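The values are calculated or read from the model by the stated rules, or taken from the named source; none is laboratory data. From a predicted model like this one, the values you see are computed outputs, not experimental measurements. In this analysis, Cβ positions are derived from the backbone assuming ideal geometry, glycine residues included, and neighbour counts consider all displayed protein chains. All accessible areas refer to the heavy atoms of the entire protein, side chains included, with ligands and DNA or RNA removed. Shrake-Rupley method; radii C 1.70, N 1.55, O 1.52, S 1.80 Å.
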Amino acid sequence: MLNLNHVTKKYGTQTALSDVSLTLERGEIVGLFGENGAGKTTLMQSILGFHRFEGDITLDGEKITHKNITNISYATSAHSFFANLSAAAHRDFYQSHFKTFNGARFDALMEFFSLTAARHKPLFSFSTGQKNQFEVILALSQGADYILMDEPFAGNDIFNREDFYKVLLGILEPHETVLLSTHLIEEVSDFIGRAVLLHKGQIIGDIRTEDLEESGMTLTAYIKQQYRYQGDRVSKALSALTGEDL
Amino acid sequence: MECPDHHDGHDRYDWYHTKPTHDGNGKQHMQKIRALGHRIQAAMKRFLTHHTPPGMNMRGEFAFFIIGTLLAFLYALGYLVRFADAKDALYRYPYGGRKILDPSAVMPDFERVFDCAWAGFFIVALCMTGYILYHYLYFYQNTKSIYLMRRLEQRWELHRRCLTAPLIGIGLSLAFAALCFVFAYLIYRYATPAVCLPEHAGMSLRGLLFGVGGV
């Protein structure tokens, strides 16, 4: 269980996370939504210990240190691999540094994304889409029980993404937990089991998708409701700009 | 004493002579040296793979170190010229070209003759400290591989990979500087006529590090 308890993170005078408390159970697939600057990346990086923060974060009851950090993997749109190394060299690197590295899953995902033929090429020669795919492959193959993904598919085409969600659902073990930050709400709505909404560093919504289904509400509608989205703001803005009553 | 393998027709080393008994042994010897070379090369490669930032091309750094060290050696050789000039000044050349030691002449202080001959090695060492910063910055270039390094169980992995090669370079440079100093002092101490040595060694750290203006 990954537990965040009253986590607050400030950058100077700006509050990035404000008293965030969140619990992720094993086996959950959680979508993390929020506008740009809502604190999604800060939240994930605080879990990984990249930032100092107030409050505490525990993994299976223990503080996150170098001893248990390998039980969390991280895929980011900024990419965390070595651009000059090949995919094959990364496989060796992960194999030697992560005891639980899943080589079979790595090979299978490389094959699925049609990257096997390019496994000896340095990653800087990959397209943005391929880099994203490889970043996700590494996160899923590390052998961690908690997988954090921060907008991993920015730049990938929709067919690629949809296929990936299907594969991901197929390969995840029951004990593996995924926290996925994305703006692609509709795409992941069938894939996640729970949605957490961040707004200006605070959690403003946390709901299971089955509860949403029972209430007959879509995920997009729920998010708009929580954000108090003003549906008429576009027409208001256009009226103000054009002087016409729309 | 008869060597048991001497006449068996095989290319082997004579067991009590050090030279090969057949021409083929020369080739075998070369092969052994080549194999040893390959093993050393492989061991170095393995060492560098685990002690440098992953994927970083170290050839530039290696070349810089080699060239820098060679230049530092060349600069250090200037000491020999200064020493020879200073020693030459201890002599008089009255008539006929035969030099005579002037017993009242005094050799300039060591630090004056030395005149920062080891400076090149310190400059190389200083540049190697710059590589430490460069190695750390490497993990922020193109991608954020720092995120991966900070997620490793081996908490010193990042520092090991950033520090090892530059520290070896710094260590070697300082060792060369020390050797340069020792050799220079030994030459000064034992190649200068004893009567011409100054009473005091003339060695202040400041003078040795920053020079005192030469002879």
(message) I need the trypsin sites (Lys or Arg not before Pro) found in the stretch A:87-145, filtered to DSSP loop residues with at most 13 other beta carbons within 10 Å of theirs.
(response) A:Lys99
(message) Tell me whether the stretch A:99-152 comes out rounded, prolate or oblate; compute the Cα gyration tensor, take square roots of the eigenvalues as a ≥ b ≥ c, and use a/c under 1.5 as the rounded threshold.
(response) oblate
(request) Give me the percent of DSSP beta bridges within the protein assembly as shown that run antiparallel, rounded to the nearest 5. (result) 55 percent
(request) List the GluC sites (Glu not before Pro) within the stretch A:146-246 that fall in a DSSP loop (any state other than H, G, I, E or B) and whose Cβ has at most 13 other Cβ atoms within 10 Å. (result) A:Glu244
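Mean residue ellipticity at 222 nm from the helices of chain A, using -39,500 (n - 2.57) per DSSP H segment of n ≥ 4 over the full residue count, to the nearest 500 deg cm²/dmol? List each step's numbers first, then the result.
Working: 9 runs with 86 residues, N = 246.
Mean residue ellipticity, 222 nm, calculated: -10000 deg cm²/dmol.
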(message) Can you work out the Karplus-derived ³J(HN,Hα) for every residue in the stretch B:90-95? Use 6.51 cos²θ - 1.76 cosθ + 1.60 with θ = phi - 60°, whole Hz, and x for glycine or proline.
(response) 7, 10, 10, 10, x, 9
(request) Just the ratio, please: alpha-carbon radius of gyration of the stretch A:12-140 over 2.2 N^0.38 Å, N its number of residues. (result) 1.19
(request) Using only Cα atoms, figure out Rg for the stretch B:89-140 and give it as a multiple of 2.2 N^0.38 Å. (result) 2.34
(request) Report the FRET efficiency, 1/(1 + (r/R0)^6), for A:Asn160 and B:Ala178, where r is their Cβ-Cβ distance and R0 is 56 Å, rounded to 0.05. (result) 0.40
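Which percent of the accessible area of the protein assembly as shown is formed by carbon and sulfur heavy atoms (probe 1.4 angstrom)? Spell out each step's value before the answer.
Details: 14540 of 25400 Å².
Carbon and sulfur: 57 percent of the exposed surface of the protein assembly as shown.
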(request) Just name one of A:Thr242, A:Gly170, A:Ser181: the one whose Cα is farthest towards the positive end of the charge dipole of the stretch A:105-246 (beta-carbon charges, Lys/Arg +1, Asp/Glu -1). (result) A:Thr242
(request) Quick one: plug the Kirkwood hydrodynamic radius of the stretch A:59-199 (C-alpha pairs) into Stokes-Einstein at 37 °C, 0.692 mPa s, and report D in µm²/s. (result) 210 µm²/s
(request) Taking only protein heavy atoms into account and a 1.4 Å probe, give the accessible area per residue of the stretch B:57-210 in Å². (result) 58 Å²
(message) Skipping prolines and chain starts, which residues have an amide H placed within reach, meaning under 5 Å, of the one on A:Ser181, given they are 5 or more residues away or on another chain?
(response) A:Leu32, A:Met149, A:Asp150, A:Glu151
(request) Note down the nm distance, to one decimal, between modelled labels 7 Å out along Cα→Cβ at B:Leu186 and at A:Phe112. (result) 6.7 nm
(request) Please sort by residue number the trypsin sites (Lys or Arg not before Pro) in the stretch A:150-246 whose DSSP state is loop and whose Cβ has at most 12 other Cβ atoms within 10 Å. (result) A:Arg228
(request) Using the Karplus curve 6.51 cos²θ - 1.76 cosθ + 1.60 with θ = phi - 60°, work out ³J(HN,Hα) for each residue of the stretch B:61-73 in order, rounded to whole Hz, and write x for Gly and Pro. (result) 5, 4, 4, 4, 5, 5, 5, x, 5, 4, 5, 5, 5
(request) Write down the radius of gyration of the protein assembly as shown and its Dmax, each obtained from C-alpha positions, in Å. (result) 34.5, 119
(request) Describe numerically, in nm with one decimal, the distance between label points set 7 Å from Cα along Cα→Cβ at B:Tyr134 and at A:Ser127. (result) 3.5 nm
(request) Amide H neighbours of A:Gly55 under 5 Å, at least 5 residues apart or on other chains, H built in the peptide plane: list them. (result) A:Thr8
